[in-house]
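The structure under discussion appears below in the form of structure tokens.
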Amino acid sequence: MDFSLSEEQQLLKDSVQRFVREEYELESRRKLVATDIGYSEDNWAKMAELGWLALPLPEEYGGIGGGAVDTMVLMEEFGRGLVVEPYMSSVIIGGGFLMAGGSEKHKTELLPKLGAGELKLAFGYAERQSRFDLNDVECKAEKSGDGYILNGHKGVVFHAATADKIIVSARTSGGSRDADGITLFLVDNNCNGLSRRDYPTVDGLRASELELDGVAVGADAVLGAVGGGAALMEEVVGQAIAAICAESVGCMDVLQETTNEYLKTRVQFGVPLSKFQVLQHRMVDMFMECEQARSMCYMVTLKIGDEDPVERAKAVSAAKVQIGNSGRYVGQQSVQLHGGMGMTDELHVGHYFKRLTMIDTMFGNKDHHLKRYADL
Amino acid sequence: MDMHYRPEDLAFQAEVRQFIQANLPADLADKVRRGLHLDKEDFVFWQKKLNEQGWFAPHWPVALGGVEWNPTQHYLFQNEQVEGCCPPVIPFGVRMVAPVIFTYGSEEQKQRFLPDILDSTAWWCQGYSEPGSGSDLASLQTKAVRDGDDYIVNGTKTWTTLAQYADWIFCLVRTSTEGKPQEGISFLLIDMNSPGIDVTPIITIDGSHEVNSVFFTDVRVPAENLIGQENQGWTYAKFLLLFERSNSLTGSLKQQLHRLRGVARQELTGGAPLCADPAFAARLADYEVQLRSYEFLELRTLGNSRPGAEASYLKIIGTDLQQLASELTLQAVAYYGNPHISDALVHGYNEPSVGPDYAAPAAPQYFNYRKTAIYAGSNEIQRNILSKAVLGM
């Protein structure tokens, strides 16, 4: 057993830390969030240049061939910086689908572009009625000649506005909540019949509602097996959850450190707040939540490649439950212990709290994953 | 013991209901029901209506405009208003500074200030907290120095709710640095139009503008605006804080639960309503049980002439429940807590909503309600009060 980082991983960590330090002062982030696209194309180009966009992609397709631990290292630092570039949507999820389900042609044509920052992807899966069930899909894909016609709605599709292609789950057969019969399609963002309503999210990201009204795609738009989208989604969303756990650990650590520092410097009743036992214990509880979250983050990162799908799924859900609990506690208490200051938009604490809150919702909240864990 | 309302209380409840139905415009009720932003005009409109009926200041002495209701009627009145989706009464004038004025103020001050509070021509705000004085309120530094017939005030107040609308601010100011910090504080009424006052918005994490910083630079305040005795302000402040903490929350908690149930009926999971999901149904039931317990806790304190320690535990438990309901609502709307369209909470926003209508206020309210465990004496401070005052620790 060894939970230390390799030399390369430490270098990666240092490099992402430097990026966050240089580009992600709270004021710089505020400016990014307020722009039209909500992030910086310069940052995206820089990420390409530093090899981060190619990090998890295979070497034969221009990638670095990094593993889950490398992704974890990067995502944790992104969490510390509250980075808003579409790394999760494009590289982790989009790249994940191409690697797991793309044809040789997809991989040869798209993966090098993805790694070079010339292609961005998004993933549309949620629907109004679906809640967190990836297999609750009413969006329909009907066979038409060699290709398919897609009709339906996709909600809260992160970073859809700036994606070149959107991966959409649609039903090619079966009833609306059957695992069988879901197919994943690679849809051009500017294709006929696709309309979007774009909006910012409460944690500073961008998302869209998609309407697919007779969107025609060719047979080559299918990712993976026709009707076999459920397994593919489970695999890739599992990886995404592992990555978001790392992001969340980064967010929590910042809050824990900042709050600790605040309690030591804020004087009330003639002494620093850190002298009050009730706050000391609260702080210790926050610290323990961070440590538990980190442990579960390592656990899921190391188990995400497990051969046994049940073992893998349990690891994913267990980690997501932990992140939900810890993120809630650390986020809420950080605001509480900062008092009125914690409530202000001006201080960074609230922004981390909001991100942690929305991370709980991503890919299923604590309740959803507890149930899933129990059912496995 | 008897847990039933008496017939005269029920008749009173019906009368209040009828009044609300007859006087509250449907679109205003709808704004409140949907959790949209209310304008100054909305608050003032309803306060004036209540005043026309003689119900705006029911807890004041009858001679000054109050009503002779029993404690149960006061309680029913507050809760009927919430249930009827009336705009909440802004407490700073009628519930906070007014009792200080009619208890400790001069005859002249009563005649000067109370009528404008009663008919809502004067909007008041509260100048208590300062950047360096939160939980430790008595350490406040805003100075008032006597200069002839005036005080000259310098300093900063913060978290001042709705100061952007205010005509007057009641302030705790330091008039002496001798003795204990509490002993050098005075209670001063300051015209917000005085030269040297600057109001700066503080935007909170939900994106709203409720609170402000108020800066005082050489502000001249006539000494006749001092309440009671110089350096006795802490006594008046403590008296007022009890009112701040003793607002009934049962009605608004029930309203939150009602909204939450509505959301849980409409949201789907696995093809069935969320409220039928065993895990979520259990959380709803748990919330409702806690609310029932809170309600009876409140009812047991009715009729206590001076709200004391119970104000502290009601504040802790009540705000915990406010936060919990907002959290469950955010969980209920799932992915549709994400969209952040600030105009969506403004009445008359005509774009179709992103996702269901009820989802838009969920995240802002959850974020905003974190304040409830911080304001009016943080819940940690309330526990200190209880451990000292009740448990004698």
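Take each residue in A:123-132, count the other chain C-beta atoms within 10 Å of its C-beta, and the mean is 4. Taking a ≥ b ≥ c as the square roots of the eigenvalues of the alpha carbon gyration tensor, segment B:98-177 is oblate, as a/c is not under 1.5 and a/b does not beat b/c. Oblate is the label for segment A:107-219, because a/c, from the alpha-carbon gyration tensor with a ≥ b ≥ c as root eigenvalues, is 1.5 or above and a/b does not exceed b/c.
The Rg/Rh ratio of segment A:7-120, with both radii computed over alpha carbons and Rh defined as the Kirkwood radius, is 0.97. Working from label points 7 Å from Cα in the Cα-to-Cβ sense, the B:Ala285 to A:Ser195 distance is 4.5 nm.
Mean silhouette area of segment B:123-231, derived from the convex hull of its C-alpha atoms and averaged over all directions, reads 6.7 nm². Solvent-accessible area of A:Lys275, all protein chains in place: 140 Å² (probe radius 1.4 Å, heavy atoms, ligands and nucleic acids excluded).
Measuring nothing but alpha carbons in the protein assembly as shown and taking Rh as the Kirkwood radius, the Rg to Rh ratio lands at 1.01.
Could you grab the relative contact order for chain B? Cα pairs under 8 Å, six or more apart, rounded to a whole percent. That works out to 14 percent.
Only Cα pairs under 8 Å and at least 6 apart count here; give the relative contact order of chain A as a rounded whole percent. Write out the running numbers ahead of the final one.
Working: 684 pairs, mean separation 54.9, N = 376.
Computed value for chain A: 15 percent relative contact order.
Put simply, chain A fits an ellipsoid with semi-axes of 36, 21, 21 Å; these come from the alpha carbon gyration tensor as the roots of five times its eigenvalues, largest first.
What a 1.4 Å probe finds exposed on segment B:159-265 is 48% carbon and sulfur by accessible area, rounded to a whole percent.
When you look at the Cβ of every residue in B:325-337, what mean number of other chain Cβ atoms sits within 10 Å?
5
In the calculated pair distance distribution of segment B:312-367, what percentage of Cα-Cα distances lie above 17 Å?
Of the Cα pairs, 43 percent sit more than 17 Å apart.
Taking max minus min of the alpha-carbon positions on each principal axis, segment A:230-375 gives extents of 59, 27, 22 Å, largest first. For the pair A and B, the buried accessible area comes to roughly 4100 Å² in total, with a 1.4 Å probe and the value rounded to the nearest 100. Based on the alpha-carbon gyration tensor of segment B:1-128 and its eigenvalue square roots a ≥ b ≥ c, which shape applies: rounded if a/c is under 1.5, prolate if not and a/b is larger than b/c, or oblate? Since a/c reaches 1.5 but b/c is at least a/b, the shape of segment B:1-128 is classed as oblate.
Averaged over the residues of peptide A:196-202, the number of Cβ atoms from other protein chains lying within 10 Å of each residue's Cβ is 5. What Cys residues in chain A are without a partner cysteine, judged by a Cβ distance under 4.7 Å? So far as the 4.7 Å Cβ criterion goes, A:Cys139, A:Cys191, A:Cys251, A:Cys290 stand without a partner in chain A. Simple spin-label estimate for B:His209 and B:Glu178 gives 4.4 nm between the two label positions (7 Å along the Cα-to-Cβ direction from each Cα). Buried on complex formation within segment B:186-208 (loss of at least 20 square angstrom of accessible surface versus the isolated chain, 1.4 Å probe, ligands and nucleic acids ignored): B:Ile203, B:Thr204, B:Ile205. Its DSSP H runs of at least 4 residues, each contributing -39,500 (n - 2.57), put the calculated 222 nm mean residue ellipticity of the protein assembly as shown at -15000 deg cm²/dmol, to the nearest 500.
Chain B has equivalent-ellipsoid semi-axes of 36, 24, 22 Å, by the square roots of 5 times the alpha carbon gyration tensor eigenvalues, sorted largest first. Charging the Cβ of each Asp and Glu at -1 and of each Lys and Arg at +1, and nothing else, the dipole of the protein assembly as shown about its Cα centre rounds to 1540 debye. Label positions at A:Gln277 and A:Ser173, each projected 7 Å from the Cα along the C-beta direction, are separated by 6.8 nm. Comparing A:Ser28, A:Pro58, A:Trp44 along the charge dipole axis of chain A, the residue lying farthest to the positive side is A:Ser28, per the Cβ-charge model. When the Gaussian network model of chain B links Cα atoms closer than 10 Å, the mean-square fluctuations of B:Ser248, B:Ser186, B:Ser208 top out at B:Ser208.
Across every pair of different alpha-carbon atoms, what Kirkwood hydrodynamic radius in Å does segment B:246-389 reach? Could the numbers behind the result be given before it?
Numbers: mean 1/r = 0.0601 Å⁻¹.
Result for segment B:246-389 stands at 16.7 Å.
Find me the longest stretch of chain A that has none of the exposed chymotrypsin sites (Phe, Trp or Tyr not before Pro), where exposed means in a DSSP loop (not H, G, I, E or B) with at most 14 other Cβ atoms within 10 Å. By the stated rule (loop sites, at most 14 other Cβ atoms within 10 Å), A:4-268. Give me the angle, in degrees from 0 to 90, between the Cα long axis of helix A:348-361 and the longest principal axis of the Cα atoms of chain A, rounded to the nearest 10. For helix A:348-361, the angle is close to 40 degrees.
The values are calculated or read from the model by the stated rules, or taken from the named source; none is laboratory data. Small disclaimer: the values here were computed from a predicted structure and weren't measured. Please note: Cβ atoms are built from the backbone with ideal geometry, for glycine as well, and neighbour counts cover all protein chains shown. All accessible areas refer to the heavy atoms of the entire protein, side chains included, with ligands and DNA or RNA removed. Shrake-Rupley method; radii C 1.70, N 1.55, O 1.52, S 1.80 Å.
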